[in-house]
Structure formats: C-alpha cells, structure tokens
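Read the structure below first, then the notes.
Each value in this text was obtained by applying a stated rule to the coordinates, not by laboratory testing. Every value quoted in this text rests on a predicted model; they were computed, and no experiment measured them. A quick note on method: Cβ atoms are made from the backbone with ideal geometry, for glycine too, and the neighbour counts reach across all protein chains shown.
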Amino acid sequence: MDPGPISIGQERPDFHQYCHRVAHWNLPFNPVDLEQREGRVHRYKGHVIRRNLAKRYGLSAIPRASNGLIDPWEHLSERVRRDRPKDANDLEPCWIFETRGRFKKE
C-alpha cells in the first residue's frame, strides 16, 4: 500500500523548544500521522509550558545570581512544585501547565 506523500516535519524534528502550535495545511492519510505532527510541539518542557510559567510568575520571580548563571525555567518549575498540591506529580509543570488566558496547548 502506498503511504502517500511524506509530510515535512511529521517525524524526527523537535519543534517544542520554539513552537506551541502546529498549523495543518492538509489532513494526513491516517490518524497516527496526525498524532505524529501534533507530537512535534507537545513535549516535555515545551514552549507553551515555558510561556505559561512566565505568564503566571513573571520575571520578577527569578532571583538574580551574582555570576548570572541561573536557569530561569528550572527555577520557575521548582516554584510550581512548591505551590502545587502535595499529591500532584511532575506532569505539572513538565508536561502540563495551563493558565487562564491565551497560552494553551492547541
């Protein structure tokens, strides 16, 4: 069976560091391929997660280091871990972190 044309960006590239949404110009031949496309952006500590962390806590929540070497995303993630309920797991904030407003997984 012919799988049809191969979609650029459907497999292998990781866009989650820079993108929070995928625009589909066409629908793939099967639903597994659609899931592959969406999976390029919905990943561990992806762009949408970092945007939501920044929106919720802001830059003022990040301490200044004397040598300037601090990972702001790790600091904000740690803050979420302290603020979340005790029975929560690391799905939040590493995979899911939604806020009220416009930055959501779409």
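For the reader, a short list of remarks on this structure follows.
- Taking all Cα pairs closer than 8 Å and separated by 6 or more residues, the relative contact order of the stretch 47-94 comes to 38 percent.
- Computed from the alpha carbon atoms alone, the convex hull of the stretch 28-106 holds 114 Å³ per residue.
- Placed amide H near Cys19: partners under 5 Å, 5+ positions off or other chain: His47
- For the stretch 47-94, a crude dipole built from +1 on the beta carbon of Lys and Arg and -1 on the beta carbon of Asp and Glu, taken about the Cα centre, is about 220 debye to the nearest 20.
- Converting phi to 3J(HN,Hα) with the Karplus coefficients 6.51, -1.76 and 1.60 and the offset θ = phi - 60°, the stretch 70-80 yields 9, 8, x, 6, 5, 4, 5, 4, 5, 5, 4 Hz in sequence order, with x at every glycine or proline.
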